[in-house]
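In what follows, a structure is listed as structure tokens, so that the remarks can point back to it.
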Amino acid sequence: MINNIISRAFGSFASIKFPKTIQNIINKSYAKIFGIDFSEFRDCGEYESLTALFTRTLKIPRKLDDGFISPCDGLVLYCGKGFEGQAFSIKNHTYSPKELLSSACDESELDGGFDYANLYLSPRDYHNFHAPCDFELLSAVYESGELYSVAPKYLAKISNLYAKNERVVLRCKSGEKLFWLVFVGALNVGKIKIFCDERIQTNANLGPSVYEYENKHFSKGEPLGCFELGSSIVIIAQKGLLNFNIQENQKIKFSQKIADIK
């Protein structure tokens with residue numbers, strides 16, 4: 001898995017704390033190349049490493065909209081209703097939700113249909129992700145895999161890409177319905193961090209792992225974790241839970257309403 005080796009090497013480089021003068025040059029170059037807006041964050045010269053810059057936090061908390069909010073900043077690649085066990089990553093290219101969710105989903109839990117959205121975080125985006133609503137966390141599943149780029153042009157080239165890549169799946173419950181948050185690894189993503197459980201280690205040559213929880217609840221907007229560089233989040237919900245109000249190629253931000261909770 002050459003992409004995994006490259007990503008580990010990039011993650012190691014990004015974590016190095018260079019002398020301040022050199023680090024400032026690295027940070028400003030990165031910010032210029034990707035067009036990062038620092039208006040909600042500390043100045044780019046204040047971060048002691050590229051990893052610190054990637055995982056920057058907001059200076060002032062955002063006001064949360066009503067309903068089910070976006071867990072991240074990013075771009076909507078596709079949003080729709082699933083049918084016959086298939087979903088679209090981008091137009092005309094499908095993936096298998098059951099394969100993507102792996103052991104986090106029982107065989108019959110999507111049989112009645114489902115709603116889903118694929119959100120892409122580019123290298124310029126805010127890389128932290130948050131709880132999209134109040135929910136109970138039932139389990140987390142880590143699946144090892146490839147680290148293909150998740151940019152749209154690669155989704156068009158590699159079939160079922162989301163389900164082939166490394167990922168962490170959170171199995172969540174809202175009311176009587178289930179939904180899943182899938183944090184998909186990608187090329188040059190050093191790690192996916194889940195703040196509530198340090199046992200979950202990604203891009204570390206580990207096999208599949210399942211972590212189960214009892215009485216672990218999160219409030220809407222609460223930080224859940226971060227990517228150490230851009231990637232993708234897939235939201236899958238059982239039919240009857242969410243009514244999405246977003247569309248393909250729409251830019252969204254964490255705290256913005258993206259669905260009504262039925």
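The values are calculated or read from the model by the stated rules, or taken from the named source; none is laboratory data. Since this is a predicted model, take the numbers as computed values, not measurements. Ideal geometry is used to build each Cβ from the backbone, glycine not excepted, and the neighbour counts take in all protein chains shown.
Worth a mention:
- Exactly one residue among LEU242, LEU181, LEU229 is farther than 19 Å from ASP73 by Cα and either assigned by TED's automatic domain parsing to the domain that holds ASP134 or surrounded by fewer than 23 Cβ atoms within 10 Å (Cβ to Cβ) (or both), and that residue is LEU242.
- So SER139, is it surrounded by fewer than 18 Cβ atoms within 10 Å (Cβ to Cβ), modelled with pLDDT under 90 and either among the small types (Gly, Ala, Ser) or at positive phi (or both): no
- Only listed residue being of a type in the set (Gly, Ala, Ser) and either within 17 Å of the chain's Cα centre (by Cα) or in a strand (DSSP E or B) (or both), chosen from SER102, SER29, SER108, SER39: SER102
- Matching residues in segment 165-177 - criterion: being surrounded by fewer than 18 Cβ atoms within 10 Å (Cβ to Cβ) and not in a strand (DSSP E or B): GLY175, GLU176
- Within segment 234-262, being in contact (Cβ under 8 Å) with a residue 40 or more places away in the chain, outside any strand (DSSP E or B) and of a type outside the set (Phe, Trp, Tyr) holds for LYS239, GLY240, LEU241, ILE246, GLN247, GLU248, ASN249, GLN250, LYS253, SER255, GLN256.
- Test for LEU181: is it touching a residue at least 60 places away in the same chain (Cβ under 8 Å), outside any loop (DSSP other than H, G, I, E, B) and touching a helix residue (DSSP H, G or I) at 6+ places or on another chain (Cβ under 9 Å): no
- Total residues in segment 187-203, condition closer than 19 Å to CYS172 by Cα and under 13 Å from the mean Cα position of the chain (by Cα): 3
- Set GLU40, GLU99, GLU48, GLU107: member being touching a helix residue (DSSP H, G or I) at 6+ places or on another chain (Cβ under 8 Å) and at pLDDT 95 or above: GLU48
- From the list LEU77, LEU119, LEU110, the lone residue that is over 30 Å from PHE18 (Cβ atoms), aliphatic (A, V, I, L, M) and in contact with a Cys (Cβ under 7 Å, 6 or more places away or on another chain) is LEU119.
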